[in-house]
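Please read the structure below before turning to the comments.
Any read-out appearing in this document is the output of simple, stated calculations on the displayed coordinates, not a laboratory observation. This one's a predicted model, so the numbers in the text were calculated from it and none came from an experiment. As a convention, Cβ positions derive from the backbone with ideal geometry for all residues, glycine included, and neighbour counts pool all protein chains shown.
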Amino acid sequence: MVNDAPTRRTAGGSRLLTAVLALLLLAVLATSAVLLLERRNDPDDSPQRPADIGADGWEDDVEGRAVVAARRAARTYFTLDHRHVERDMDAMRALGTDSFVASYDAGAAALADRVAERRLRLSAALERDGAATELLLADRAQVLVTLDVTTTAPTGRRTAPYRTRVVLDLVGGDWLVAALEEVR
Amino acid sequence: MGPLRRPVVVLLVLVLLGSALTVALALTRPDVARSAPDSRGGYEVADLLGPGGDGLEAAVAAVPLALGYDHADLAGSLRAASATMTPAYAARFARVFGREVRPFAREREAVTEARVRGAGVVRTRGGEDVVCLLYVDQVLVSGRGLAAGESEVLGRNRVLVDVVLTDGVWKVDDIRVL
């Protein structure tokens, strides 16, 4: 009996150590699994080759369609006519993500009132070389679009140069406007 | 090694291997924040694949030298700008500099900075010619009529910059204001 006590203590210690190590292994494996899953769900942030505007078929590939979408968005944003301002704004909403539409709508009523009150008509002209890819990832693009915006009012008409940055997200194969910023 | 100690050793090895994997995954964790160029603060050009990306970086570095100058050292300003240009364009640029910049700079005792606010690739022609679009603010940071610490924006420009690869170096071959 005197000789059995150390053996039992050793066996008990080994079982405790085994249990602790098993718990540690589970914790380590769980942490690795979380890191791997996070990595799999991360967006692809690797840079892509930008559109080559003017090359054959540039409007057909995904990078070219980002530029086309940005040009359309910038033109639509600055196309407003007091006679059908709601229709013009709906055209802009149709090009945006849900979050863009929400931010657009935050100022839409005031803008519509101003356009209607002053009986304004806005139209935008774009040059062929007036758009450029600033950033292109697998599912996000930033495109610079320059425009000359003509504002016609009962009191007269003036044209002013604009610099815009259009941020686009690729959603279901379509580039949608996530943000549109005027670079003042 | 007794039968009771074998599982302990196996588990210990597995824990060590698992820990090494976790540390490796944590150290190579991708940056969750997606950085993108914007117009606030110092402009940083984004990575773009292909010759367009390289040409764009060169254009963003060169344009502030071409559109910025110091009345106290106009020759130095012109020299720095010309170093980023092809010889043919540098000659054209020097004529415009002498005709338009020099008189204004002397009259206003002007020091101007050109600040890039946006930059992108319009198109490439082969792998050695890139057309870029830049948004550039030309700012008078010192000059007659300007109080110390004040600045005045002289222009919010949209410029097309043509850069070409010459002997392995990207050089500005044209700057055109839209």
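Evaluate the distance, in nm, between pseudo-label points positioned 7 Å from the Cα of A:Arg83 and of B:Val177 along their respective Cα→Cβ axes.
3.7 nm
A:Val171 label point, 7 Å along Cα→Cβ, cut-off 14 Å on backbone N: hits in region A:77-111?
Under 14 Å, as judged by backbone N against the label point of A:Val171, lie A:92-105 of region A:77-111.
Enumerate the amide H contacts of A:Arg49 below 5 Å, restricted to partners 5 or more residues apart or on another chain; note that Pro and chain-start residues carry no placed amide H.
Distant-sequence amide H within range of A:Arg49: B:Leu49.
Cα convex hull of region B:34-128: mean projected area in nm², to one decimal?
If you wrap the Cα atoms of region B:34-128 in a convex hull and average its projections, you get 7.3 nm².
List the trypsin sites (Lys or Arg not before Pro) within region B:15-112 that fall in a DSSP loop (any state other than H, G, I, E or B) and whose Cβ has at most 13 other Cβ atoms within 10 Å.
Passing both the DSSP loop test and the Cβ count: B:Arg34, B:Arg40.
Ranked highest first by the average count of other Cβ atoms within 10 Å around their residues, in what order do B:68-74, A:72-78, A:26-32 fall?
My ranking of the peptides, most packed first, is A:72-78, B:68-74, A:26-32.
I want to make sure I understand the PRE zone here: with the label point 7 angstrom from the Cα of B:Val96 toward its beta carbon, which residues in region B:155-178 have backbone N atoms less than 18 Å away?
B:155-164, B:171-178
If all Cα-Cα distances of the protein assembly as shown are sorted into 10 Å bins from 0 onward, what percent lands in each bin, rounded to whole numbers?
It works out to 5, 18, 22, 19, 14, 7, 6, 5, 3, 1, 0, 0, in whole percents.
Considering the dipole of region A:62-182 built from charges on the beta carbon (Lys and Arg +1, Asp and Glu -1) around the Cα centre, which of A:Leu176, A:Ala160, A:Leu137 is farthest to its positive end?
Result: A:Ala160, furthest along the dipole toward the positive end.
Quote to one decimal, in nm, the extra length available between A:Glu117 and A:Asp56 on full extension: 0.36 nm per residue of separation minus the C-alpha distance between them.
Value of the extension gain: 17.4 nm.
Quote the charge dipole size of region B:49-135 about the Cα centre in Debye, to the nearest 20; the model charges only the Cβ of Lys and Arg (+1) and of Asp and Glu (-1).
280 debye
By how many nm would the segment from B:Arg79 to B:Val169 lengthen if fully extended, with 0.36 nm per residue of separation less the alpha-carbon distance?
That works out to 30.7 nm of additional length.
Per DSSP H run of n ≥ 4, the term is -39500 (n - 2.57); total these for chain A, divide by its residue number, and report the mean residue ellipticity at 222 nm rounded to 500 deg cm²/dmol.
-15500 deg cm²/dmol
Among A:Thr146, B:Thr86, B:Ala72, which residue has its Cα positioned farthest towards the positive end of the charge dipole of the protein assembly as shown, with +1 placed on the Cβ of Lys and Arg, -1 on the Cβ of Asp and Glu, and the dipole taken about the Cα centre?
So the residue we want is B:Ala72.
Could you size up the charge dipole of the protein assembly as shown around its Cα centre, putting +1 on the beta carbon of Lys and Arg and -1 on that of Asp and Glu, and report it in debye to the nearest 20?
That gives a dipole near 680 debye.
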